[in-house]
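Where a number appears in this text, it was derived from the coordinates with a stated rule and is not lab data. Treat the numbers as computed from the prediction; the structure is a model and nothing was measured. Heads up, the Cβs are rebuilt from the backbone with ideal geometry, glycines too, and the neighbour counts pull from every protein chain shown.
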Amino acid sequence: MSQQRNAAPALVRSGSLDRQITVDQLTCTIGAELGNVSLAAAAEDEGLIAEIRGLLLKHRVLFFRDQDISRAAHVAFARRFGELEGHPVVGSDPDHPGLVRIYKSPDVPNDRYENAWHTDATWRDAPPFGCVLRCVECPPVGGDTAWANMVEAYARLPEDVKVKIAPLRARHSIEASFGAAMPIEKRLALKAQFPDAEHPVVRTHPETGEKVLFVNAFATHFTNFHTAANVRFGQDAAPGASHLLSYLISQANIPEYQVRFRWKKNSVAFWDNRSTQHYAVMDYPPCHRKMERAGIVGERTY
């Protein structure tokens with residue numbers, strides 16, 4: 001069973017009699033750092049995988065230090081939670097399909113753009129279950145990543161807002177995000193390959209049954225807002241819907257819902273993509289930031 005942090009060996013080998021994972025909760029809302037575990041060993045240990053899965057559901061994002069593991073071990077660990085998927089825009093490792101290389105270089109023009117608060121790949125009909133992200137190289141300072149608990153964000157919405165958004169659905173677009181800087185022909189081809197996905201604004205978590213506020217930077221508009229209950233005249237439609245969507249997306253900005261993680265080489269983050277958003281902070285000087293991410297296939301939201 002898990003226990004709070006205490007003196008323990010740095011690693012646990014699969015099959016060891018003493019394999020207790022230490023748990024250091026980082027905020028009251030989200031995030032925990034786990035110790036006394038090797039992800040390479042965990043990939044071969046059913047009990048450790050089950051325990052890590054339970055801790056993921058509880059804390060939503062888990063952090064591991066000093067994971068000097070191979071790409072094969074990274075992939076093997078992530079695959080214990082489901083099949084992996086690549087990314088149509090960001091490059092993957094040719095020898096390990098599904099292991100996406102997110103490399104930032106000071107030598108590449110226009111490579112300083114990072115991102116907004118988002119849930120990974122909600123432009124898919126079935127967004128990822130979660131992601132395992134490992135730091136290969138990072139700046140000496142800066143380049144943190146923050147995560148937000150979107151179950152808590154929903155729970156703390158005013159009751160009248162919860163009533164209003166309960167039936168709403170929203171479109172999520174790769175064209176309007178990753179495709180925005182592409183030439184029009186390439187952008188339209190990307191949209192043809194990945195048509196906009198539609199998801200409920202309030203998703204039910206498939207394992208915990210919790211309600212999740214499920215709009216982020218990939219969401220472009222509501223698909224069923226323009227009804228007699230919401231719109232008195234036509235001019236109400238666009239500002240009413242866009243203001244509400246902006247308000248909902250902004251909930252990830254609230255610090256009380258967040259945890260922020262400072263990367264070191266061989267640090268790993270594993271997050272539940274169904275109940276969180278994250279933000280990679282672009283506050284570091286021109287230097288390399290190399291991350292490798294295994295995205296785990298998820299379920300349709302219906």
Cα lying deepest toward the dipole's positive end in the chain, options Leu190, Gly240, Leu57, charges on Cβ:
Gly240
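Remind me, relative contact order of the chain in percent, using alpha carbon pairs under 8 angstrom and six or more residues apart? If you can, show how the numbers build up before the last one.
Numbers: 619 pairs, mean separation 94.9, N = 302.
Across the chain, relative contact order equals 31 percent.
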Expected sort for Val297, Val151 with the fewest Cβ neighbours (10 Å cutoff) up front is Val297, Val151
Residues whose modelled amide H sits under 5 Å from the amide H of Asn224, counting only those 5 or more places away in sequence or on another chain, are Arg169
Gaussian network model of the chain, Cα within-10 Å springs - most flexible of Asp95, Asp68, Asp24:
Asp95
Those lysines that a straight Cα-Cα span of less than 16 Å connects to Lys58, excepting residues fewer than 8 apart in one chain
Lys211
To check you understand DSSP bridge types, tell me what percent of the beta bridges within the chain (both residues inside) are antiparallel, rounded to 5.
90 percent
Note to self, the chain gives a 222 nm [θ] from helices alone (DSSP H runs n ≥ 4, -39500 (n - 2.57) apiece, / all residues, nearest 500) of -6000 deg cm²/dmol
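For a footprinting-style exposure proxy, rank His288, His243 by other Cβ within 10 Å, fewest first. Numbers along the way, then the final one.
On the way: His288 15, His243 10.
Lowest to highest Cβ neighbour count: His243, His288.
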Collect residues whose amide H, placed 1.01 Å from N in the peptide plane, falls under 5 Å from the amide H of Asp66; neighbours closer than 5 in sequence don't count.
Ser267
Once phi is turned into ³J(HN,Hα) by the Karplus curve 6.51 cos²θ - 1.76 cosθ + 1.60 with θ = phi - 60°, what whole-Hz value does each residue of the range 281-295 show in order, with x for glycine and proline?
7, 9, 10, 9, x, x, 6, 7, 9, 10, 10, 10, 10, 9, x
Mind listing the phi-derived Karplus ³J(HN,Hα) values for the range 252-265, rounded to whole Hz, using 6.51, -1.76 and 1.60 with θ = phi - 60°, and x for any glycine or proline?
5, 6, 6, x, 5, 9, 10, 9, 10, 10, 8, 6, 9, 4
Taking the inverse of the average 1/r across all pairs of different Cα atoms in the range 177-225, what Kirkwood radius in Å do you get?
12.9 Å
Using modelled amide H (1.01 Å from N, peptide plane; none on Pro or chain starts), what sits under 5 Å from the amide H of Lys290, excluding residues fewer than 5 places away?
Lys104, Val136, Glu137, Cys138
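What does the charge count near Arg169 come to, summing +1 for each Lys or Arg and -1 for each Asp or Glu among other residues with Cβ under 14 Å from its Cβ?
Working: positive: Lys164, Arg171, Arg203, Arg300; negative: Asp125, Asp196, Glu198.
Overall, the nearby charge balance is +1.
Over all pairs of distinct alpha carbons, what does the Kirkwood formula give as the hydrodynamic radius of the range 151-302, in Å? Intermediate values should be presented prior to the final figure.
Values: mean 1/r = 0.0561 Å⁻¹.
One over the average 1/r among Cα pairs gives 17.8 Å for the range 151-302.
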Ranked list, fewest to most other Cβ atoms within 10 Å of each Cβ, for Trp271, Trp117:
Trp117, Trp271
Provide the per-residue ³J(HN,Hα) series for the range 119-128, in order, calculated from phi with Karplus coefficients 6.51, -1.76, 1.60 and θ = phi - 60°, each as a whole number of Hz, with x at glycine and proline positions.
9, 4, 6, 6, 6, 8, 4, 10, x, x
